[in-house]
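Notes follow once the structure below has been shown.
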Amino acid sequence: MAKKITLSIIKADIGSIGGHIKPSQKLLETVEGYVKTKGKKLIIDFYVGHTGDDIAILSTHRQGVLSESIHKLCWKALLEGTKVAKKQGLYGAGQDLLKDTFSGNVKGMGPAVAELEFEERPAEPFLMFAADKTEPGAYNLPLYLSFTDPMYSPGLMLSPSVKKGFKWVIMDVSHTKGDKVIELVSPEETYDIAALLRDNGRFVAEGVYSRASGERVVSVSTTRLHNIAGRYVGKDDPVMLVRAQKNFPATGEILAPYTIGHYVSGFMRGSHIGPLMPVKKNSSVSFFDGPPIVNCLAFCVKNGKLTEPADAFDHPYWDWVRDRVAQKAEEIRRQGFSGAAMLPMSELEYTGIVDTLKKLEKRFKVRKK
Ligand code: 13P
Ligand code: 13P
Ligand code: MG
Ligand code: MG
């Protein structure tokens, strides 16, 4: 039997130009150069790119998931990049590197991690998603629609193996003392899955598995920076790997829900609601430190060797979507801080408002009858 291959994405914000816009060219070259030279014997292939101010390292190797050597390589590449970010005076240098000492793997240290280990199929297409100015639950709705709803995913009707359904592993990310997860299956428990996935801030679809083959199809990062640092240090800009075709939804079925531009948490100071805009490779952020963006690179892999990426949202169709999503952003921005435009107190990333309310509380008076 062929030896298994592992895809690993490790992604972090280690500094960016002009606020939270994008990393410098030099920063990207430093990270890429480090992985290339130091990873020579360890990894088979790699790709480095950015989404807004976050740098993602995709690597292929045979070390399995949560491999200490792979994680250490990427961690050190990000540290090396941070040195450059500091030298260049970039904003938020080393922002997502929250721990000083490396202990086994980068989970819980700040970077977002998504990994898949599998035996390569004769043709192995997969998608690498990376989002900025939002949170891991941003993928909940698109995944739900691609894997349970024939309105978006006709494979659920047309393909006998896709029709067998999927097993979902969903994490309660509000639980900080370890990984609290539940397994549910679609289609039988679709309504229960929906009941959890509607709450993007609390429940995150971390993994999806094919019931036809048992293989893992999806891996989503579940980092909650706030829980690690105990204060706001940036949003948990999530990454995701999705394998496509055959027993899994087709690439176009996985992309289809991004036409919605659904409202997610993030945007300015990680404290607002904005529509998720599907963007091209290496896009920056702009309007109101946003809008929340997601990009998707499609690859094929053979014996660990990657093709060049195909930029899935670089197509005239998505230009039209982007225009509509910009309108959605404009609509909600017009009401500024009011009501649904901003996150509820429990999710607000800044303590400033809590301090203000505490101060004002003392000045409230209860009227005498
Ligand atoms: P092709 O016939 O072009 O391979 O497309 C098949 C398919 O699965 C499209 O979703
Ligand atoms: P990042 O999490 O992408 O660094 O954004 C932080 C922020 O506060 C933007 O306004
Ligand atoms: Mg940043
Ligand atoms: Mg970011």
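The values are calculated or read from the model by the stated rules, or taken from the named source; none is laboratory data. On a predicted model such as this, the values are computed, not experimentally measured, just so you know. Cβ atoms come from the backbone with ideal geometry, glycine included; neighbour counts cover every protein chain shown.
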Quiz item: Can you tell which of Leu116, Leu156 is within 16 Å of ligand 1 (Cβ to nearest atom) and over 19 Å from Glu347 (Cβ atoms)?
Solution: Leu156
Exercise. Give me the pairs, please: first residue somewhere in segment 120-135 and modelled with pLDDT under 95, second residue anywhere and small (Gly, Ala, Ser) and buried (at least 19 other Cβ atoms within 10 Å of the Cβ), beta-carbon distance under 7 Å, and either six or more positions apart or on two chains.
Key: Glu135/Ser265; Glu135/Gly266
Quiz item: Could you list, in sequence order, the residues of segment 45-93 that are closer than 23 Å to Asn227 by Cβ, out of contact with any Asp or Glu (no Cβ under 9 Å at 6 or more places or on another chain) and within 16 Å of ligand 3 (Cβ to nearest atom)?
Solution: Ala56, Thr82, Ala93
Self-check item: Leu297, sole failed condition from (1) more than 25 Å from Gly18 (Cβ to Cβ); (2) of a type in the set (A, V, I, L, M, F, W, C); (3) more than 14 Å from ligand 2 (Cβ to nearest atom)
Solution: (1)
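Would you mind stating whether Thr190 is surrounded by fewer than 19 Cβ atoms within 10 Å (Cβ to Cβ) and closer than 19 Å to Glu347 by Cβ? Walk me through how you get there before you give the answer.
On the way: surrounded by fewer than 19 Cβ atoms within 10 Å (Cβ to Cβ): yes; closer than 19 Å to Glu347 by Cβ: no.
Taking the combined requirement at face value, the residue does not satisfy it.
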Exercise. Collect the residues in segment 250-278 that are more than 16 Å from Gly137 (Cα to Cα) and within 14 Å of ligand 2 (Cβ to nearest atom), keeping them in residue-number order.
Key: Met268, Arg269
Self-check item: segment 323-369: number of residues that are within 16 Å of ligand 2 (Cβ to nearest atom), surrounded by fewer than 15 Cβ atoms within 10 Å (Cβ to Cβ) and either assigned to a helix (DSSP H, G or I) or of a type in the set (Val, Ile, Thr) (or both)
Solution: 3
Practice problem: For segment 258-280, name all the residues that are assigned to a loop (DSSP other than H, G, I, E, B), among the hydrophobic types (A, V, I, L, M, F, W, C) and either surrounded by fewer than 24 Cβ atoms within 10 Å (Cβ to Cβ) or free of Cβ contacts under 8 Å to residues at least 60 places away in the same chain (or both). | Solution: Ile260
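Applying the selection to segment 62-84, what residues are on the phi > 0 side of the Ramachandran plot and of a type outside the set (Gly, Ala, Ser)? Give the derivation first.
If we filter segment 62-84 for residues that are on the phi > 0 side of the Ramachandran plot, which is where we start, we get 64, 66.
Matches in segment 62-84: Leu66 only.
I need the full set of residues from segment 219-272 which are of a type in the set (Asp, Glu) and under 17 Å from the mean Cα position of the chain (by Cα), in order please. Before you say what the answer is, go through the steps one by one.
Of segment 219-272, the ones of a type in the set (Asp, Glu) are 236-237, 253.
Scanning segment 219-272 gives Asp236, Asp237.
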